[in-house]
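Worksheet: one structure, shown below.
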Amino acid sequence: MGGSVHVIAPSGILDASQGEALREQFMAAMAEGITAFQLDMGQISFMDSAGFGALVMILKKVRESGGQLTLTGVQHQVRLVLELTGTDKVFTIQ
């Protein structure tokens, strides 16, 4: 990802309200011209379907703007959701 990477590190449970807050963070950063993101998932202990939907929407918006998104520190439960949905092949996971 060369250049400056904007790191966002949510914590707790990625659900509807946390997902909305996360979307807002990404949209604000993209409005400032940021295109390279690292989403540090190390402190996310659980992700429900609304949180998953937010994550997919964020990826879509970042890609539409020509940007890149990398997930790091993905915990077991979150990784399992990504694997079961096949999106582990869509997201860049480190």
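What number of residues in segment 23-35 are of a type in the set (A, V, I, L, M, F, W, C) and surrounded by fewer than 16 Cβ atoms within 10 Å (Cβ to Cβ)?
3
Any chance segment 69-83 includes a residue that's closer than 25 Å to Ser4 by Cα and assigned to a helix (DSSP H, G or I)?
No.
Values quoted throughout were computed directly from the atomic coordinates according to the rules given, and no laboratory measurement underlies them. Owing to the predicted nature of the structure, the values given are computational and were not obtained by experimental measurement. Here Cβ is always computed from backbone atoms with ideal geometry, including for glycine, and neighbour counts include all displayed protein chains.
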